[in-house]
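What follows is a set of notes on a single structure, which appears directly below.
The values are calculated or read from the model by the stated rules, or taken from the named source; none is laboratory data. Everything numeric here is computed off the predicted structure, so don't read it as measured data. Glycine gets a Cβ as well: all are built from the backbone with ideal geometry, and neighbour counts include every protein chain shown. Surface accessibility is based on the protein's heavy atoms, side chains included, excluding ligands, DNA and RNA. Shrake-Rupley method; radii C 1.70, N 1.55, O 1.52, S 1.80 Å.
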Amino acid sequence: MDLSTIGWNQEARDKILLDSDRALQGAVKEAVETMDGKSRDEVYEFLFQKLQPQFVDFKPGPDLSACADAVANGEVSLES
């Protein structure tokens with residue numbers, strides 16, 4: 001077995017992505033419920049602090065910025 005061929009199967013990859021999405025959704029939900037009236041930067045920092053410990057080598061990107069903007073602007077619906 002060549003090291004470059006070792007990796008997660010598709011089922012595991014899907015589960016990892018689903019878990020990541022749920023972590024982000026949970027952090028955004030908590031931000032909506034607790035950060036009313038806070039600035040975009042404060043919301044971003046809150047989301048970063050919630051998510052960073054949950055991931056190895058966490059590097060937030062445009063998704064986290066978009067979520068912070070949406071929370072700060074009151075654009076997140078908690079209804080499914």
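Taking segment 51-66 as the range and being out of contact with any helix residue (DSSP H, G or I) (no Cβ under 7 Å at 6 or more places or on another chain) and open to solvent by less than 100 Å² (accessible area, probe 1.4 Å) as the test, the residues that pass are Q52, P53, F55, G61, A66. For segment 34-50, the set of residues classified as open to solvent by less than 90 Å² (accessible area, probe 1.4 Å), part of a loop (DSSP other than H, G, I, E, B) and over 14 Å from D69 (Cβ atoms) consists of G37 only.
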